[in-house]
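Novice: My questions all concern the structure below.
What follows is calculated from the coordinates using simple rules that are stated; it is not laboratory data. Computed from a predicted model, the values in this text were never measured in an experiment. Positions of Cβ are backbone-derived with ideal geometry, glycine not excepted, and every protein chain shown enters the neighbour counts.
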4 protein chains.
Amino acid sequence: MYQLNFKQDRPIDLIGIGRLCIDLNANEFNRPMDETMSFNKYVGGSPANIAIGASRLGLKSGFIGKVSDDQMGNFIVQYLKKDNIDTSNIAVDDTGAVTGLAFTEILSPEECSILMYRDNVADLLLNTDEVSEEYIKKSKALLVSGTALAASPSREAVFSAIDYALKHGVVVIFDLDYRPYTWKSSKETATYYNLVAEKSDVIIGTREEFGMMEKYQTHETSDHITAQKWFDYKAEVVVIKHGAGGSITYMKDGTSHKGGIFKTKVLKTFGAGDSYASAFIYGLLHDWEISKAMEYGSASASIVISKHSCSDAMPSTDEIDKFIGGAEKL
Amino acid sequence: MYQLNFKQDRPIDLIGIGRLCIDLNANEFNRPMDETMSFNKYVGGSPANIAIGASRLGLKSGFIGKVSDDQMGNFIVQYLKKDNIDTSNIAVDDTGAVTGLAFTEILSPEECSILMYRDNVADLLLNTDEVSEEYIKKSKALLVSGTALAASPSREAVFSAIDYALKHGVVVIFDLDYRPYTWKSSKETATYYNLVAEKSDVIIGTREEFGMMEKYQTHETSDHITAQKWFDYKAEVVVIKHGAGGSITYMKDGTSHKGGIFKTKVLKTFGAGDSYASAFIYGLLHDWEISKAMEYGSASASIVISKHSCSDAMPSTDEIDKFIGGAEKL
Amino acid sequence: MYQLNFKQDRPIDLIGIGRLCIDLNANEFNRPMDETMSFNKYVGGSPANIAIGASRLGLKSGFIGKVSDDQMGNFIVQYLKKDNIDTSNIAVDDTGAVTGLAFTEILSPEECSILMYRDNVADLLLNTDEVSEEYIKKSKALLVSGTALAASPSREAVFSAIDYALKHGVVVIFDLDYRPYTWKSSKETATYYNLVAEKSDVIIGTREEFGMMEKYQTHETSDHITAQKWFDYKAEVVVIKHGAGGSITYMKDGTSHKGGIFKTKVLKTFGAGDSYASAFIYGLLHDWEISKAMEYGSASASIVISKHSCSDAMPSTDEIDKFIGGAEKL
Amino acid sequence: MYQLNFKQDRPIDLIGIGRLCIDLNANEFNRPMDETMSFNKYVGGSPANIAIGASRLGLKSGFIGKVSDDQMGNFIVQYLKKDNIDTSNIAVDDTGAVTGLAFTEILSPEECSILMYRDNVADLLLNTDEVSEEYIKKSKALLVSGTALAASPSREAVFSAIDYALKHGVVVIFDLDYRPYTWKSSKETATYYNLVAEKSDVIIGTREEFGMMEKYQTHETSDHITAQKWFDYKAEVVVIKHGAGGSITYMKDGTSHKGGIFKTKVLKTFGAGDSYASAFIYGLLHDWEISKAMEYGSASASIVISKHSCSDAMPSTDEIDKFIGGAEKL
């Protein structure tokens, strides 16, 4: 059992904050990128994908972020608008920054890699003045993505957003989304991840991501010890993902629940985490049993990893329901 | 009444962390620096001054910091050693960084200004790997100075030190020491000052410094409201200084105490805060009544502002006792 | 008449130095990039295009440059090798730099724009130690592209290459290729362009580019005055291009020749300059009459601007000869 | 014999361009800087010292440079004014840059070292817009100091100044003044030193400095070969200094002259080069025999190295004449 007090009178269900970027997905599969000749363009970035996924499921999503003042930035905003996401709090950079890019390479379903362009990106230039207290207090939940902590001034903007969320009873959901390439050291990462996790109600990450946050600890760890650490602060729900081994969700009352995965035809593994998170959060907002929310997350992930894109492939509730109806659990 | 649990079995009384620099004080007073022809060299930096002051009063002090690999850095370490301060945890930079400089100008006792050299300084390069958990757990108290939060990696090093302090029951004392020139914006400053203040047992600062930390707040403030905010986190003692108007100390139990200042012949105002802090902390460590600790702080400040340097002028208990015996309170 | 002493005993005809990047050309034409959904990948960068064009025409080309240590960099090297270009002097970056990108937008044949990614690019990290005197002295000509002067250490690498070229009698060809986005100011640009032009035998640029180099001058200018300035240094041939107005070539002996353009179906204007340069240089190396070299350049440009890419579309001598046979001069 | 065409109708004799900084000279000699407790403040920087020295000898000097907007910058301008130097073309920085500092350590007359503060210094921020063609064409000679080439935009400002000088027949004197700490590599240094030396009429440097400029060369060198290289460009006079071994001056007509040094009581070696240069240039401007100009330079150097400062100690013609009258040549 978990207790998350989503304030029902708020017009927005979920505000994402952080990375907005472009995925350039190879049109040719199962070959090295050196030999790839054409790419398709999609909106990307973990919190963007989650906001899109949540919107497809019927949640009212909003976003706090920053885009480049060019065709790439404009494409992102237009795409989010078409998906019914409120973009009124997405700032436009005026310094000549670019939109981050992620070129994907799909060597095989199990071997996917990403070539990132993260120098001088607009999303990390979001600053405290661009985070509106009025906006945040209109939402039931705030979704924080770890990559937005990778550099100033975005880092401080996130702390401001969390301060406003705490002040106004907005549930803070922290998706760890740790990408080493934008950080200077793992100890720097651990410092800021821990400061955010202390203030979060829901924490979602892989075993490796939680492990990175425990760099400073000298004693033994385990999923149970990891989860308990955050319950001693403010967390109600901690989700620890073990890849193909499924995931385990701990709740403050001491209970935990193991979730499995569905059989599916995997095209690539990108987007599994974001699609899981959007459907799981959908369940939390509807006060579902944790097991049902986890199953919904798994089903959403199974759908997305069988398709070419992340954001474009985010399913509706009909698609998820239909998938669960016909799927085999592993 | 305040409750600070200084663990009596620890071999070190107080570890300072942060800025170690050089003061170059004009030998000619009451004239603009443009006309000053010679300067005397002293160790400087707020936490360095406090550690020296504490050592002169008989406390066992240590320091965590970083100095340049040149004659300036060597001078600082040798000076601290002569003052019986443990320098085993002062790292030496290997990147060609310099020691920060502060040229002082004393136009009149009321008009003092500082010309700072803070580009590429060694003290802000202290990193998490140079902060030893073993060392911190040997101490009763950790003194954090706000300027060490001004940039990475020093910023993360301070958060690491605080994590270790909390883990091992070391009392955290936060001297705000806000110097705008090393910060990018006051909101950036407020973000990190608040994150540290939430974890501190004792917070010492001027009214202006506390005001800067409340940038995000929209409601009215007062000394009482300011203090209460931090009691809601972890603080036991909050000192708010009003310059020539004396200071007021709040305690978690709801009591407060106003302290006055002594009559003295002022040469310059530099060093008043650091000398106050070192004597006040001396009182806290001896579990003195708060009023007595504040009086000791005021007396120490009165002595230092009548002399040419900050660090060199830090008094012994004999000097303070003698001063209080003969001084007139304003 | 011009006198360029191409040393006939050299095994390489032309070495390019400078930018190696990736063009991502929109597959959908005549629409804004915001609405473009897919891109094709080509090798790009002015000196790379010229080296490829020269190789297609039968010249032996080599290249001095630097690529990123990833799939993009590897793609570039493999592409050049397939085109029979010597890549032995292309260094691979080891600092995590990326390959520069140019996303093209073709709104109409007359309105083309480029969105550049030039932060932290490998090509500008080429350094003096990566420029081999032994290699340069094996070549008849060195092609310098202006963008390689935009930042250190690439800037110094170019000056080293020119020093070696002068020492060993290698003809220096300077293609101005001025791209404002990588420069801090036009005066900075003018400074370095002038220093290189003083040492060049052949200078090729647009009227606007030559105008930018005359920022410091207060008197009137004209094509004739521009050309004469460089003849007073070392130049033998100066080509000034006037877009659709054709081009004019000045020679040190005082003669000049106006060249026209061919009628063609324009898809986009990108690549016109590079294809012109490669065929014009081919003519110079064969000691052709200047008028014939210019016509060959124009024909090559006409072919490339009717096709989707720059590098991939570079024609062979057969294609150019056939085109000239059937084309109408404007 | 040398031919330098100093235009006699120009109101200014010599304009210096480049570094303006502060020397902080230890008041205690023959001890390590770690033990030095007080410092005296002087104007410093090689071209500043030379301009001051020239002015003391009766030349009309001017300066093109940039100072910090603080007491240090103001002190420099006031000092130059008192020495009758035209400061109308010294810009004041508006970006928060500082004045460079040089702390001197005099362990013994033979062992002197300098601790430099060169991060974010105003002098290297001089830009092309701050170099006035009108001003330069009022002068007989332009003195370029190598350190001004160490970084942009000062580097481009120097090239602009040289362009104006060449355009208006101003004699260009290049004092190599190579200080490794502000350069990224010796090849970078060699690149820009060579580009300036090619355009200079007089080149003055130590054997080591000339050697650094020949990094790219593979063949043997000698003073004679070094000098001849620059005569092939534009130089009329090349001075190569061998420290205590005296100096040798080469002239374009093939003649050379060896100069000795005077016996003197050496306090420190700082300032020897600058005082030599100012008196030697004084001789050139008066069209003296080269041997007489060299002797005057040596005498000036002997006076300065026996005193505490560089700039403050620059002698008048009376002092030099008197010194030569009573001195013993080694």
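Novice: How big is the gap, in Å, between the Cα center of segment B:178-217 and the Cα center of segment C:251-330?
Specialist: Cα centroid to Cα centroid, the span is 66 Å.
Novice: How big is the dipole moment of segment C:1-149 about its Cα centre under a simple scheme where the beta carbon of each Lys and Arg is +1, that of each Asp and Glu is -1, and everything else is neutral? Debye, nearest 20, please. Please list the in-between numbers first.
Specialist: Numbers: 14 positive and 21 negative charges, 158 e Å.
Value, rounded to 20: 760 debye.
Novice: Provide a whole-number value for the mean count of partner chain Cβ atoms within 10 Å of the Cβ atoms in peptide B:87-96. Walk me through the numbers on the way to the answer.
Specialist: On the way: counts 0, 0, 0, 0, 0, 0, 0, 0, 0, 2.
What the average comes to for B:87-96 is 0.
Novice: Considering the options A:Asn194, A:Gln228, A:Phe174, tell which one lies farthest towards the positive end of the dipole of segment A:157-230, charges being +1 on Lys and Arg and -1 on Asp and Glu at the Cβ, about the Cα centre.
Specialist: Projecting each Cα onto the dipole axis, the largest value belongs to A:Asn194.
Novice: Is there a quick way to get the dipole size of chain A? I mean about its Cα centre, with the Cβ of Lys and Arg at +1 and of Asp and Glu at -1; what is the value in debye to the nearest 20?
Specialist: Working: 34 positive and 45 negative charges, 103 e Å.
Dipole about the Cα centre, nearest 20: 500 debye.
Novice: Return the subset of A:Lys82/C:Lys265; D:Lys252/D:Lys292; A:Lys7/A:Lys187; C:Lys140/D:Lys187; B:Lys199/B:Lys329; B:Lys241/D:Lys66 for which the Cα-Cα distance in this structure is over 29 Å, preserving the input order. Please report the intermediate quantities before stating the final value.
Specialist: On the way: A:Lys82/C:Lys265 37 Å; D:Lys252/D:Lys292 18 Å; A:Lys7/A:Lys187 36 Å; C:Lys140/D:Lys187 25 Å; B:Lys199/B:Lys329 35 Å; B:Lys241/D:Lys66 41 Å.
Distance filter (> 29 Å) returns A:Lys82/C:Lys265; A:Lys7/A:Lys187; B:Lys199/B:Lys329; B:Lys241/D:Lys66.
Novice: Taking square-rooted eigenvalues a ≥ b ≥ c of the alpha carbon gyration tensor, is the protein assembly as shown rounded, prolate or oblate, where a/c under 1.5 means rounded and, failing that, a/b exceeding b/c means prolate? Working shown, then result.
Specialist: Working: a/c = 2.50, a/b = 1.08, b/c = 2.30.
Here the protein assembly as shown falls in the oblate category.
Novice: Net charge near C:Tyr164: determine it from the other residues with C-beta under 12 Å of the C-beta of C:Tyr164, scoring Lys and Arg +1 and Asp and Glu -1. Mind dumping the intermediate values first?
Specialist: Values: positive: C:Lys137, C:Lys138, C:Lys167, C:Lys199; negative: C:Glu133, C:Glu134, C:Asp163.
Result for the local shell: +1.
Novice: Using helices alone, I'd like the mean residue ellipticity at 222 nm for chain A: each DSSP H run of four-plus residues gives -39500 (n - 2.57), total over residue count, nearest 500. Please list the in-between numbers first.
Specialist: Working: 10 runs with 107 residues, N = 330.
Counting only the DSSP helices, I get -9500 deg cm²/dmol.
Novice: A further question on this structure: What is the distance, in nm, between label points placed 7 Å from the Cα along the Cα-to-Cβ direction at B:Asp9 and at A:Asp9?
Specialist: 5.4
Novice: Now a separate question. Compute the label-point distances linking A:Gly260 to its equivalents in the other copies; points lie 7 Å from Cα along Cα→Cβ; give nm, one decimal, shortest first.
Specialist: 7.9, 8.0, 10.3
Novice: Shortest first and in nm with one decimal, please list how far the A:Glu28 label point sits from its counterparts in the other copies (point 7 Å along Cα→Cβ).
Specialist: Here A:Glu28 shows inter-copy label distances of 2.4, 7.4, 7.7 nm.
Novice: Remind me, relative contact order of chain B in percent, using alpha carbon pairs under 8 angstrom and six or more residues apart? Before the final figure, lay out each step's value.
Specialist: Numbers: 756 pairs, mean separation 60.8, N = 330.
Normalised by residue count, the contact order of chain B is 18 percent.
Novice: Now for a different question. Would you mind calculating the relative contact order of segment C:176-330 from Cα pairs under 8 angstrom and at least 6 residues apart, reporting the percent as a whole number? Mind dumping the intermediate values first?
Specialist: Values: 225 pairs, mean separation 27.1, N = 155.
Relative CO of segment C:176-330 lands at 17 percent.
Novice: Out of the DSSP beta bridges found with both residues in segment A:90-152, what percent are antiparallel (nearest 5)? Write down the numbers at each step before the final one.
Specialist: Details: 7 of 8 bridges.
Approximately 90 percent, going by the DSSP bridge assignments.
Novice: Sticking with this one: Kindly state, to the nearest 0.05, the FRET efficiency for C:Ser88 paired with C:His168, given R0 = 22 Å and r defined as their beta-carbon distance.
Specialist: Details: r = 18 Å, r/R0 = 0.82.
That gives a FRET efficiency of 0.75.
Novice: Sticking with this one: By the gyration tensor of its Cα atoms, with a ≥ b ≥ c the square roots of the eigenvalues, what is the shape of segment B:1-115: rounded for a/c under 1.5, prolate for a/b over b/c, or oblate?
Specialist: On the way: a/c = 2.66, a/b = 1.53, b/c = 1.75.
Note, shape of segment B:1-115 comes out oblate.
Novice: Now a separate question. Pick out which of A:Gly100, A:Gly211, A:Gly273 has the largest mean-square fluctuation in a Gaussian network model of chain A, springs linking Cα atoms closer than 10 Å.
Specialist: A:Gly211
Novice: Right, something else. Averaging sequence separations of C-alpha pairs under 8 Å and six or more residues apart, then dividing by the length of segment D:1-93, give the relative contact order as a whole percent. Intermediate results must be reported in sequence, preceding the final value.
Specialist: Values: 150 pairs, mean separation 26.7, N = 93.
Once normalised by length, the contact order is 29 percent.
Novice: Running a GNM on chain D with Cα contacts under 10 Å, which residue among D:Leu57, D:Leu125, D:Leu107 ends up with the highest mean-square fluctuation?
Specialist: D:Leu107
Novice: Could you sort C:46-54, C:316-324 so that the peptide with the highest average Cβ count within 10 Å comes first and the rest follow in order? Please report the intermediate quantities before stating the final value.
Specialist: Values: C:46-54: 29.3, C:316-324: 15.2.
The packing order, highest mean first, is C:46-54, C:316-324.
Novice: Using a basic spin-label model with each label point 7 Å from the Cα along Cα→Cβ, how many nm lie between A:Ser185 and D:Glu289?
Specialist: Simple spin-label model gives 6.7 nm for this pair.
Novice: Related question: Which order do the peptides C:162-171, B:284-293 come out in when sorted by mean C-beta neighbours inside 10 angstrom, highest first?
Specialist: On the way: C:162-171: 19.7, B:284-293: 16.5.
Ranked from most to least packed, the peptides come out as C:162-171, B:284-293.
Novice: Now, a different point. Put +1 on the Cβ of every Lys and Arg and -1 on every Asp and Glu Cβ in chain A; which of A:Val237, A:Met33, A:Ala165 then has its Cα farthest towards the positive end of the dipole?
Specialist: Farthest towards the positive end: A:Val237.
Novice: Of the beta bridges DSSP finds with both residues in segment B:19-128, what % are antiparallel, to the nearest 5? Don't skip to the answer; put the middle values down first.
Specialist: On the way: 13 of 22 bridges.
Rounded to the nearest five, the antiparallel share is 60 percent.
Novice: Using the Cα centre of segment D:239-325 as origin and beta-carbon charges of +1 (Lys, Arg) and -1 (Asp, Glu), tell me which of D:Gly297, D:Ala313, D:Ala272 is placed farthest towards the positive end of the dipole.
Specialist: Highest projection toward the positive end goes to D:Ala272.
Novice: Same structure, new question: When Cβ neighbours within 10 Å are restricted to other protein chains, what is their mean count per residue of peptide D:14-25?
Specialist: On the way: counts 0, 0, 0, 0, 0, 0, 0, 0, 1, 0, 6, 1.
Shielding by partners across D:14-25 averages 1.
Novice: Okay, next question. Place a +1 charge on the Cβ of each Lys and Arg in the protein assembly as shown and a -1 charge on the Cβ of each Asp and Glu, then give the dipole magnitude about the Cα centre in debye, rounded to the nearest 20. The partial results should precede the final answer.
Specialist: On the way: 136 positive and 180 negative charges, 1 e Å.
Magnitude of the dipole: close to 0 debye.
Novice: I would also like to ask the following. Shortest first and in nm with one decimal, please list how far the B:Ile324 label point sits from its counterparts in the other copies (point 7 Å along Cα→Cβ).
Specialist: Ordered by increasing distance: 7.1, 7.3, 10.2 nm.
Novice: First select every other residue whose beta carbon is under 12 angstrom from the beta carbon of A:Phe262; then total the charges, Lys and Arg +1, Asp and Glu -1.
Specialist: Values: positive: A:Lys263, A:Lys265, A:Lys329; negative: A:Glu295, A:Glu328.
Around A:Phe262, the surrounding residues sum to +1.
Novice: Within a Cβ distance under 10 Å of C:Leu107, other residues only, what is the Lys/Arg minus Asp/Glu net charge?
Specialist: Around C:Leu107, the charge tally is -1.
Novice: Under a crude label model (7 Å from the Cα following the beta-carbon direction), how far is B:Ser38 from C:His219 in nanometres?
Specialist: Placing both labels 7 Å beyond Cα along the Cβ direction yields 5.9 nm.
Novice: In the protein assembly as shown, what % of DSSP beta bridges are antiparallel (nearest 5)? Please list the in-between numbers first.
Specialist: On the way: 98 of 223 bridges.
If I count the DSSP bridges inside the protein assembly as shown, around 45 percent turn out antiparallel.
Novice: Here's another thing I want to ask about it. Rounded, prolate or oblate: which fits segment B:233-330 when a ≥ b ≥ c are the square roots of the eigenvalues of the alpha-carbon gyration tensor, with rounded for a/c under 1.5 and prolate only if a/b beats b/c?
Specialist: Details: a/c = 1.76, a/b = 1.67, b/c = 1.05.
It comes out prolate by the Cα gyration axes.
Novice: Shielding of B:74-86 by partners, i.e. mean partner chain Cβ atoms within 10 Å per residue? Write out the running numbers ahead of the final one.
Specialist: Working: counts 4, 6, 1, 1, 2, 1, 0, 0, 0, 0, 0, 0, 0.
Per-residue shielding by partner chains comes out at 1.
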